[in-house]
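Please treat every number below as a calculation from the coordinates, not as lab data. The model shown is predicted, which means the values in this text are computed figures rather than measured ones.
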Amino acid sequence: SILWFILTIGIYGIYWVYKTQEEVRRYSGNGIGGVLGLVIYILISPVTFFIVPSEVRYMYEDLDGGQSPVRGIYGLWILLPIVGPIIWF
């Protein structure tokens, strides 16, 4: 994912956000969806890195009744200059 992000000069990031948000909405019937997720990413991209783990947590715990491997707070990983994006993607 990181390599595609670099090779496409960030265009893959836009695609990834849209598909991820759309997949969450399709699976759970909840969430912000692809288009709104993309608008949020374009306008205030750091928020996306908190929304995605939060929605994944909702899917694990509320829909499937399992233990979620992620929390919304995990969006803080993106703030680390080099290691953050590697862990995130």
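Multiplying the residue separation of Gln67 and Tyr15 by 0.36 nm and removing their Cα-Cα distance gives an extension gain of 15.9 nm. Between Glu23 and Leu7, residue separation times 0.36 nm minus the direct Cα-Cα distance comes to 3.4 nm. Does the chain come out rounded, prolate or oblate, given a ≥ b ≥ c as the square roots of the eigenvalues of its C-alpha gyration tensor, rounded meaning a/c under 1.5 and, failing that, prolate meaning a/b above b/c? Because a/c hits 1.5 or more and a/b fails to exceed b/c, the chain counts as oblate.
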